[in-house]
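A.B. asks: The structure's right below; bear with me while I get my questions together.
The values are calculated or read from the model by the stated rules, or taken from the named source; none is laboratory data. In this text the structure is predicted, and so the values were computed from the model without any measurement. Neighbour counts run over all protein chains shown; Cβ positions are idealised from the backbone, glycine included.
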Amino acid sequence: MRINNLLSVPGNPNSVVRPEYMSHGTLECRSLKASRRFYEDFLGLQCVRHGKPAMVVRCGMKFHIVCLEVGSSLKPGKLDNHWGVEVGSEDDVKRIWDAAHQLKDTYQIGQITDVLKQHGAYGFYLEDLDHNWWEIQYYDGTQHDDMFDFGDRYDDEGSTVSHV
């Protein structure tokens, strides 16, 4: 899936920050060398070691993840706090799920969930060697655009918002 419009207008022009775009996030790893191998060879991400304790990771857009080497002070992540990777088809999801099982020991992959359809996407989650979670999914369309185009479905109290 190719994304046609890479930039969107920030949601609140009266905010204090007035951001141009979301630029990066962070995650932790025990070893940059071992994690880089997984990111590049399994996930297909581009990695650049820009500092002694850090490297940046990206895929396709002007957004990157800063990976910080923290050694034994690593704090395991939880499945609900994950990084999403979009692929081109449901067949790709199945192929990658099979590969994750076959290469589990090679890349020190932890848990791998079942493939299922949820939140309009078809995919699964896997836990990497640093206990970071990755969602591999196929969405027919552009999930990012759809989520924002649909607008709020719930109010601040969690009640359903009625759309006219």
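A.B. asks: Can you run down the residue pairs with Cβ atoms below 7 Å, 6 or more apart or on separate chains, where the first is in segment 56-79 and closer than 19 Å to Ile109 by Cα and in contact (Cβ under 8 Å) with a residue 24 or more places away in the chain and the partner is part of a loop (DSSP other than H, G, I, E, B) and of a type in the set (Asp, Glu)?
C.D. replies: Here the result reads Leu74/Asp130, each pair linking segment 56-79 to a residue that is part of a loop (DSSP other than H, G, I, E, B) and of a type in the set (Asp, Glu).
A.B. asks: Still on this structure, please answer the following. Within segment 24-57, take every residue that is in a helix (DSSP H, G or I) and not charged (D, E, K, R) and give me the one that is surrounded by the fewest Cβ atoms within 10 Å (Cβ to Cβ). Steps first, answer last, please.
C.D. replies: Step one: filter segment 24-57 for residues in a helix (DSSP H, G or I), giving 32-42.
Those left that are additionally not charged (D, E, K, R): 32, 34-35, 38-39, 42.
Values: Leu32: 19, Ala34: 16, Ser35: 24, Phe38: 22, Tyr39: 25, Phe42: 18.
That would be Ala34.
A.B. asks: Continuing with this model, one more query. Considering only segment 12-61, state which residues are among the charged types (D, E, K, R) and touching a strand residue (DSSP E or B) at 6+ places or on another chain (Cβ under 6 Å).
C.D. replies: First pass over segment 12-61, keeping only residues among the charged types (D, E, K, R): 18, 20, 28, 30, 33, 36-37, 40-41, 49, 52, 58.
Passing the criteria: Glu28, Arg36, Glu40, Arg49, Arg58.
A.B. asks: Which of (1) polar (S, T, N, Q); (2) under 28 Å from Arg49 (Cα atoms); (3) surrounded by fewer than 15 Cβ atoms within 10 Å (Cβ to Cβ) does Gln108 not meet, given it meets every other one?
C.D. replies: The number of the failed condition is (3).
A.B. asks: List the number of the failed condition for Lys117; all other conditions in (1) assigned to a strand (DSSP E or B); (2) over 30 Å from Gly11 (Cα atoms); (3) charged (D, E, K, R) hold.
C.D. replies: Here Lys117 meets the rest and fails (2).
A.B. asks: When you go through Gln118, Gln102, Gln137, Gln111 one by one, which is the residue that is free of Cβ contacts under 8 Å to residues at least 12 places away in the same chain, closer than 27 Å to Thr26 by Cβ and not basic (Lys, Arg)? Let's see the steps before the verdict.
C.D. replies: Numbers: Gln102 fails: closer than 27 Å to Thr26 by Cβ; Gln137 fails: free of Cβ contacts under 8 Å to residues at least 12 places away in the same chain; Gln111 fails: free of Cβ contacts under 8 Å to residues at least 12 places away in the same chain.
So the residue among Gln118, Gln102, Gln137, Gln111 that is free of Cβ contacts under 8 Å to residues at least 12 places away in the same chain, closer than 27 Å to Thr26 by Cβ and not basic (Lys, Arg) is Gln118.
A.B. asks: Kindly list the number of the only condition in (1) touching a Lys or Arg at 6+ places or on another chain (Cβ under 7 Å); (2) loosely packed, with under 11 Cβ neighbours inside 10 Å that fails for Ser73.
C.D. replies: (1)
A.B. asks: If you don't mind, there's one more thing I want to ask. Within segment 110-161, how many residues are at pLDDT below 95, farther than 18 Å from Ala99 by Cβ and of a type outside the set (Gly, Ala, Ser)?
C.D. replies: Number satisfying all stated conditions: 21.
A.B. asks: Got a sec? Which of Trp97, Trp134 is surrounded by 10 or more Cβ atoms within 10 Å (Cβ to Cβ), in a helix (DSSP H, G or I) and among the hydrophobic types (A, V, I, L, M, F, W, C)?
C.D. replies: Result: Trp97 is the single residue among Trp97, Trp134 that is surrounded by 10 or more Cβ atoms within 10 Å (Cβ to Cβ), in a helix (DSSP H, G or I) and among the hydrophobic types (A, V, I, L, M, F, W, C).
A.B. asks: Here's something else I'd like to know. Can you tell me which condition Asp152 does not meet? The list is (1) assigned to a loop (DSSP other than H, G, I, E, B); (2) over 22 Å from Arg37 (Cβ atoms); (3) in contact (Cβ under 8 Å) with a residue 24 or more places away in the chain; (4) not hydrophobic (A, V, I, L, M, F, W, C), and all the others hold.
C.D. replies: Of the numbered conditions (1) assigned to a loop (DSSP other than H, G, I, E, B); (2) over 22 Å from Arg37 (Cβ atoms); (3) in contact (Cβ under 8 Å) with a residue 24 or more places away in the chain; (4) not hydrophobic (A, V, I, L, M, F, W, C), the odd one out for Asp152 is (3).
A.B. asks: I would also like to ask the following. Looking only at segment 80-99, filter to residues that are without any contact (Cβ under 8 Å) to a residue 24 or more places away in the chain and under 12 Å from Tyr122 (Cα atoms); which one of those is nearest to the chain's Cα centre (by Cα)?
C.D. replies: Lys94
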